[in-house]
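Working notes, structure below.
The values are calculated or read from the model by the stated rules, or taken from the named source; none is laboratory data. Quick caveat, the model's predicted, so the values are computed rather than measured. Counting neighbours? That spans all protein chains shown, and the Cβs are built from the backbone with ideal geometry, glycine included.
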Amino acid sequence: MKNRIIAILIGLSVMVPATYAQKPKKSPAAPAVLEAWSDPAAIQKAMDEAYVKFKDLKEGKNADYIKELAKVDPNIFGIAIVTADGKIYTAGDLKSAVSIQSISKVFTMARVIEEQGPRAIKDKIGVDATGMRFNSIIAVELQKGKEINPLVNPGAIAATSLVNGADSAAKWKSILATHSDFAGRELYLDIPVYISEAGDNLRNQAIAHLLKAYGRMYWDPVEATDVYTKQCAISVNARDLAIMAGTLANGGVNPVTKKKVVSAETVKYTLPVMATAGLYDDAGQWLYATGLPAKSGVGGGIIAVVPGKFGIAVISPPLSPAGNSLRAIYSIRHIIEALGVNPYQITPRQ
Ligand code: GLN
């Protein structure tokens, strides 16, 4: 019996392929070259270059359909990067803040995915780019409230309507807390911006009512639009936005405070919608140039996420006709290129 067992063991050891049986040989030490994206000097250099290159750019103009936004200083220009391990790099103006506007749509969407799972977003709102302006009514009408996504106004107001909370105050509290957790500090409402838009948002009210008519609005349309308008008026600087983007880059754990804000699963479903529609009808051009999920807001901010590596944010109020900050587009593109983090840029094996 004993011999048979030994024989079996010997037989087994013969079957084990040599590569598994032997201890791996120590591979020769890898050359100590940092890839640009993990080299602090390279990151700072790319950011400083972008700042100098685009600071005097005169293209674009502040959003003015929200009266308060037309008054914001167009020269504000701040850049920040927050790595997945919590390092913060900055260039330019970090003191000035802008209203978060549509960038908030990302975090409210994440809240809803966290609470109700990815199917709720897909089935009740949609995850398709409309190819039209962010506040297009035709887009809603053409598809009877379908074929939209949570990053254009109709889908975003629907997402706000889905956030857990018995009343307007409870939903707003949850949305503000989510944004604050992503930013790692208590954020506040820019009241003049909120009042200015709330008094003049008949178009968004119309969108919310049209969705209601098609059974695609999940709460009172007037209240949902009001809470949505509030979330758009949350005040943020470039550093706040970069920490928010860095939290997405780090799978939902804030890399600075270390708090788990949402699950990695939620982030996995949030980033693709940003890649599809984060820069509205210019999302395709953006993805073509950078390969990265991103989100813009008419306050002048843009965030972009390099999954697993870092989040980047730029604020600068003058916008392109599609409603995206021009200095932000140009400088993020410059930095992404310099650091070689476009995921579609592949070095072939020879
Ligand atoms: N609050 C703005 C609106 O609803 C947000 C739009 C945007 O940032 N693109 O019109």
### Message
Exactly one of these conditions fails for A36: (1) surrounded by fewer than 16 Cβ atoms within 10 Å (Cβ to Cβ); (2) closer than 23 Å to Y228 by Cα. Give me its number.
### Response
(2)
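Being touching a His at 6+ places or on another chain (Cβ under 7 Å), among the aliphatic types (A, V, I, L, M) and away from the ligand (no atom under 16 Å from the Cβ) is the requirement here; does A50 meet it?
Details: touching a His at 6+ places or on another chain (Cβ under 7 Å): yes; among the aliphatic types (A, V, I, L, M): yes; away from the ligand (no atom under 16 Å from the Cβ): yes.
The answer is yes for A50.
In the set A36, A84, A42, which member is farther than 24 Å from P317 by Cα and at pLDDT below 95? Spell out the reasoning first.
On the way: A84 fails: at pLDDT below 95; A42 fails: at pLDDT below 95.
When all the criteria are applied, what remains is A36.
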## Note on the structure
So, first residue within 18 Å of D220 (Cα to Cα) and of a type in the set (A, V, I, L, M) in segment 192-208, second residue away from the ligand (no atom under 11 Å from the Cβ) and assigned to a helix (DSSP H, G or I), Cβ within less than 6 Å, six or more apart or across chains; the pairs are A208/P221; A208/A224
### Subset of segment 138-188 [among the aliphatic types (A, V, I, L, M), out of contact with any Phe, Trp or Tyr (no Cβ under 7 Å at 6 or more places or on another chain) and surrounded by 16 or more Cβ atoms within 10 Å (Cβ to Cβ)]
A139, V140, I148, L151, A159, V163, I175, L176, A183, L187
### Task
Mind listing just one residue for me: the one in segment 39-60 that is farther than 12 Å from F77 by Cβ and acidic (D, E) and, of those, surrounded by the fewest Cβ atoms within 10 Å (Cβ to Cβ)?
E59
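Need a quick list: strands (runs of 3 or more DSSP E) entirely within segment 293-350 having at least 1 residues that are of a type in the set (S, T, N, Q).
Values: elements: 294-296, 301-306, 310-315.
Strands (runs of 3 or more DSSP E) meeting the threshold: 294-296.
Counting just the residues of segment 300-324 that are small (G, A, S) and closer than 21 Å to L248 by Cα, which one comes out surrounded by the fewest Cβ atoms within 10 Å (Cβ to Cβ)?
Within segment 300-324, the first condition is being small (G, A, S), and the residues that meet it are 300-301, 304, 308, 311, 313, 316, 320, 322-323.
Filter once more, keeping what is closer than 21 Å to L248 by Cα: 300-301, 304, 308, 311, 313.
Values: G300: 30, G301: 31, A304: 32, G308: 10, G311: 26, A313: 31.
So, considering only residues that are small (G, A, S) and closer than 21 Å to L248 by Cα, the one surrounded by the fewest Cβ atoms within 10 Å (Cβ to Cβ) is G308.
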### Task
From K258, K230, grab the single residue that is over 21 Å from P150 (Cα atoms) and among the charged types (D, E, K, R).
K258
### Complete set of residues in segment 218-239 that are away from the ligand (no atom under 11 Å from the Cβ), part of a helix (DSSP H, G or I) and either in contact with a Lys or Arg (Cβ under 7 Å, 6 or more places away or on another chain) or of a type in the set (A, V, I, L, M, F, W, C) (or both)
P221, V222, A224, V227, A238
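Could you name every one of the helices (runs of 4 or more DSSP H) located completely within segment 59-166 that has at least 3 residues being more than 21 Å from L248 (Cα to Cα) and more than 14 Å from the ligand (Cβ to nearest atom)?
Details: elements: 67-70, 104-116, 118-124, 138-142, 153-162.
It comes to 138-142.
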